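Here the structure comes first, spelled out in structure tokens, and everything after it is commentary.
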2 protein chains.
Amino acid sequence: DDVKKQQSVVSSDPYSSDPERHPVLHVNSLKPFNAEPPPEILSDSFITPSPFFFKRNHLPVPQVDPASYRLQVEGLPGGALTLSLQDLKTRFPKHTVTATLQCAGNRRSEMNKVKQVKGLNWGIAAISNATWSGARLRDVLQAAGYRADVAQWARHVQFEGLDKDVTGTTYGASIPLNKAVSEDGDVLLAYEMNGEDLPADHGFPVRVVVPGTVGARNVKWLGRIMVSAEESGSHWQQNDYKGFSPGTDWDTVDFKSAPAIQELPVQSAITAPADGAAVDRSAETLTVKGYAWSGGGREVVRVDVSLDGGKTWQAARLRGGEEEQQHGPRPAPPPGRAWAWKLWELEAPLPPDAQRMEIVCKAVDNSYNMQPDSVPPIWNLRGVLSNAWHR
Amino acid sequence: DDVKKQQSVVSSDPYSSDPERHPVLHVNSLKPFNAEPPPEILSDSFITPSPFFFKRNHLPVPQVDPASYRLQVEGLPGGALTLSLQDLKTRFPKHTVTATLQCAGNRRSEMNKVKQVKGLNWGIAAISNATWSGARLRDVLQAAGYRADVAQWARHVQFEGLDKDVTGTTYGASIPLNKAVSEDGDVLLAYEMNGEDLPADHGFPVRVVVPGTVGARNVKWLGRIMVSAEESGSHWQQNDYKGFSPGTDWDTVDFKSAPAIQELPVQSAITAPADGAAVDRSAETLTVKGYAWSGGGREVVRVDVSLDGGKTWQAARLRGGEEEQQHGPRPAPPPGRAWAWKLWELEAPLPPDAQRMEIVCKAVDNSYNMQPDSVPPIWNLRGVLSNAWHR
Ligand SMILES: [Mo]
Ligand SMILES: [Mo]
């Protein structure tokens, strides 16, 4: 009887128990589910409501019973530690971080226009911002026996999801140990998103949130943590999510030659007016809106906007969070811990004689890194790290 | 008699006691002394010999007697601490770091070609790499009473040089407190450069070395350290060494609106062949050499070189340090602590029918930040942060 039941599960569609999704999402792939919101929604609010937060699944959404859920923590001198969801919530202080996540493939469609790349054809909205709460990974590792001398042999913290392909291979990724254990790293084992239990698409009951780091390392439906001398051996760490020279093609690529993407480069995009939108010529001013963010906790300090294709530039106004109106501006984040994006806005006089306006934006972070001007020189075969000026 | 002597010193040229310099240096300003080596010298060796290391002085070189030298450490609960040079050398472990320093104005001359900026007309060689030894700033601050709770009110560590202008104003700068006290920050109070006492031009007897941070914060001839809630009030911290939009001019600039430069963005340049050099058409291959570096301890992971003005690209070979030949390749630096540049080289077949070749380079760091394509969109009135592709 058990065997029969198992066979029936195996033969059925593994995606059949995936959750429902908001119909406004633009779906890039249904199985696994990958979808992004309409860009205008992103600039509507500092915190992206969870239903609109971009979804990036590599595998079917696993159904996890919160009562029997167990997290394994391995590789430390103290031996393996097993934690229930209740343990995570009660044995460790609850820590809250507002952090933007971005898919490595955000804006891949712009690379596809230069030359075909391999990957989901994301627009500009594979990025969203949420408030995450959970236990600090640092605290959990310390409870499992982490001490400073571990850093003499260990270099990475590996994560395994509970999501599996048909062969039983789970999703996996790793981050550098120093990010995981640093007081300033703010890495969470999150069980809440925007003040509620994690939604199924975002990793219920527990996901890793690695602020400032590419989405792919923020492992969802977290099952196992391993402190290790080695990076994760997973496909996604070793043979994917890496950047290459525009001259590198699938015949010559050596995945060992490039580092796994961790911190992402500075990014920005225009969410309104929409691409190709008609602008009311009788209006005297035009409002341009967008988002800007940088990886590694680097704060965006300026966004330049051009209405003439990049010939002249003006600095946009960086909007505070939603609380700005109610509670005054947010205090600046501590240096190196600016995990959340900045929404921005520019109200500019309409150029009187423009038949066609080319609006362009580019952001600057507090290391004064800039976005590259154009797509072809950063084109890469996997279509990742697409952060040229947005036009 | 003393008064007479003092008057005679005051009325004499304050630069008359400046040290001798190597004649090969290209001098951008004699008083104060500012000079850079010929670019080819930079790619000759991983460690830049001290005589060739770029010199960037804001004021006359002070003559400091090492026996009577005292360093003041202030602003901590323990009260002021005074240290002699001997104290620094004997009371604290000696720590050695190989770190590249770069002037904020390196490559300013390329911005000047777009539109006049204010500042010394640096070429591509206001950057050099040395080995620095000294006490860790972190250790000294702890000896002066620094504890974690200080971070609840303090945000910055200010430095004052012993170099003064005619009004008695000293050079000054500050860095974020978290960089100063972090175990991974590697901030030194250096008393040795390349294994010898600091040369006079580089801060004898003690300078701050802030790896990954703009040269201007690496205060030379260090006299005073102050832990503070505020940044340095100096001209160079408040009203200089900041980046602005290309649309900002001297009539509209608000220095309060931009952050003081700390970590620098990714950078690279071609040191050979020299600009405008004739290439031997009978040779079959061409060797291109250069340097690449990024701020904040971000390791350079790739340098792309183009021989056709940016249409096609190939990845250069990243050279190890000089020790490579003798001791095998250097181990990769810990993540976030890649303080030293990478020298690089590309040997490429000569394009057979090229009358004129436009060689271009661009580097990528391990946050996958790229250099911007062109100068005009990053032009700024002070001519700092000039890191477009080098051609
Ligand atoms: Mo992703
Ligand atoms: Mo500088």
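The values are calculated or read from the model by the stated rules, or taken from the named source; none is laboratory data. Note that this is a predicted model, so its numbers are computed, not measured. FYI the Cβ positions are ideal-geometry reconstructions off the backbone, even for glycines, and counts take in every protein chain you see.
Points worth noting:
- Cβ pairs under 9 Å, 6+ apart, first in the range B:279-308 and more than 10 Å from chain A (Cβ to nearest Cβ) and within 13 Å of B:Ala348 (Cα to Cα), second at pLDDT 95 or above and loosely packed, with under 13 Cβ neighbours inside 10 Å: B:Thr285/B:Glu347; B:Leu286/B:Glu347; B:Thr287/B:Glu347; B:Val288/B:Glu347
- If you check A:Ala258, A:Ala272, A:Ala292 for being in contact with a strand residue (DSSP E or B) (Cβ under 7 Å, 6 or more places away or on another chain), crowded, with 24+ Cβ neighbours inside 10 Å and either modelled with pLDDT of 95 or more or closer than 18 Å to A:Leu343 by Cβ (or both), only one passes: A:Ala292.
Results for (1) under 20 Å from the mean Cα position of the chain (by Cα); (2) within 30 Å of B:Val117 (Cα to Cα); (3) crowded, with 22+ Cβ neighbours inside 10 Å; (4) among the charged types (D, E, K, R), shown as yes or no for each residue.
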| site | (1), (2), (3), (4) |
| --- | --- |
| B:Asp353 | no, no, no, yes |
| B:Arg356 | no, yes, no, yes |
| B:Ser374 | no, yes, no, no |
| B:Pro377 | no, yes, yes, no |
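- Which listed residue, of A:Gly172, A:Gly223, A:Gly195, A:Gly185, is in contact (Cβ under 8 Å) with a residue 40 or more places away in the chain, of a type in the set (Gly, Ala, Ser) and within 14 Å of chain B (Cβ to nearest Cβ): A:Gly185
- Test: residue in the range A:341-350 that is touching a Leu at 6+ places or on another chain (Cβ under 6 Å), modelled with pLDDT of 95 or more and away from chain B (no Cβ under 12 Å): yes
- In the set (1) more than 16 Å from ligand 2 (Cβ to nearest atom); (2) in contact with a helix residue (DSSP H, G or I) (Cβ under 9 Å, 6 or more places away or on another chain); (3) modelled with pLDDT of 95 or more, B:Lys220 fails one condition alone, (1).
- If only residues of the range A:198-217 that are aliphatic (A, V, I, L, M) and part of a helix (DSSP H, G or I) are counted, the one that is farthest from ligand 2 (Cβ to nearest atom) is A:Ala200.
- Residues of the range A:51-77 that turn out to be surrounded by 13 or more Cβ atoms within 10 Å (Cβ to Cβ), of a type outside the set (A, V, I, L, M) and more than 16 Å from ligand 1 (Cβ to nearest atom), as a count: 9
- Across the range B:157-169, the number of residues qualifying as within 26 Å of B:Pro334 (Cβ to Cβ) and more than 14 Å from chain A (Cβ to nearest Cβ) comes to 1.
- Among the residues listed as B:Ala332, B:Ala388, B:Ala338, B:Ala363, the single one being within 14 Å of chain A (Cβ to nearest Cβ) and assigned to a strand (DSSP E or B): B:Ala363
- Qualifying residue in the range A:305-325 (condition: within 20 Å of the chain's Cα centre (by Cα), crowded, with 24+ Cβ neighbours inside 10 Å and in a loop (DSSP other than H, G, I, E, B)): no
- Of all residues in the range B:257-278, those that are over 22 Å from A:Leu264 (Cα atoms) and either among the charged types (D, E, K, R) or away from chain A (no Cβ under 11 Å) (or both) total 10.
- Flag: B:Ser228 does not match the condition of being of a type in the set (Gly, Ala, Ser) and within 14 Å of chain A (Cβ to nearest Cβ).
- Given (1) away from ligand 2 (no atom under 14 Å from the Cβ); (2) in contact with a helix residue (DSSP H, G or I) (Cβ under 8 Å, 6 or more places away or on another chain); (3) of a type in the set (Ser, Thr, Tyr), number of the condition B:Ser245 does not satisfy: (2)
- The single condition among (1) surrounded by fewer than 22 Cβ atoms within 10 Å (Cβ to Cβ); (2) part of a strand (DSSP E or B); (3) in contact with a helix residue (DSSP H, G or I) (Cβ under 8 Å, 6 or more places away or on another chain) that A:Asn178 does not meet is (2).
- Applying a threshold of 6 Å to beta carbon distances and a minimum spacing of six or more residues, or different chains, the list of pairs starting in the range B:22-47 at a residue that is over 13 Å from B:Trp122 (Cβ atoms) and ending at one that is assigned to a loop (DSSP other than H, G, I, E, B) and among the aromatic types (Phe, Trp, Tyr) reads B:Lys31/B:Tyr15.
- Index of the failed condition, A:Tyr146 passing every other in (1) closer than 18 Å to A:Pro60 by Cβ; (2) away from every other protein chain (no Cβ under 14 Å); (3) outside any strand (DSSP E or B): (1)
- Selection within the range A:84-117: residues that are within 14 Å of chain B (Cβ to nearest Cβ) and surrounded by fewer than 19 Cβ atoms within 10 Å (Cβ to Cβ). The member of this set that is nearest to ligand 2 (Cβ to nearest atom) is A:Val114.
- Failed condition for B:Thr167, given (1) more than 27 Å from B:Arg91 (Cα to Cα); (2) within 20 Å of the chain's Cα centre (by Cα): (2)
- Comparison of B:Trp122, B:Trp132 shows that the only residue that is within 26 Å of the chain's Cα centre (by Cα) and part of a loop (DSSP other than H, G, I, E, B) is B:Trp122.
- Only listed residue being over 15 Å from the mean Cα position of the chain (by Cα) and not small (Gly, Ala, Ser), chosen from B:Arg155, B:Arg108: B:Arg155
- Residue count for the range B:236-248 under the criterion of being away from chain A (no Cβ under 12 Å) and either assigned to a loop (DSSP other than H, G, I, E, B) or free of Cβ contacts under 8 Å to residues at least 12 places away in the same chain (or both): the result is 2.
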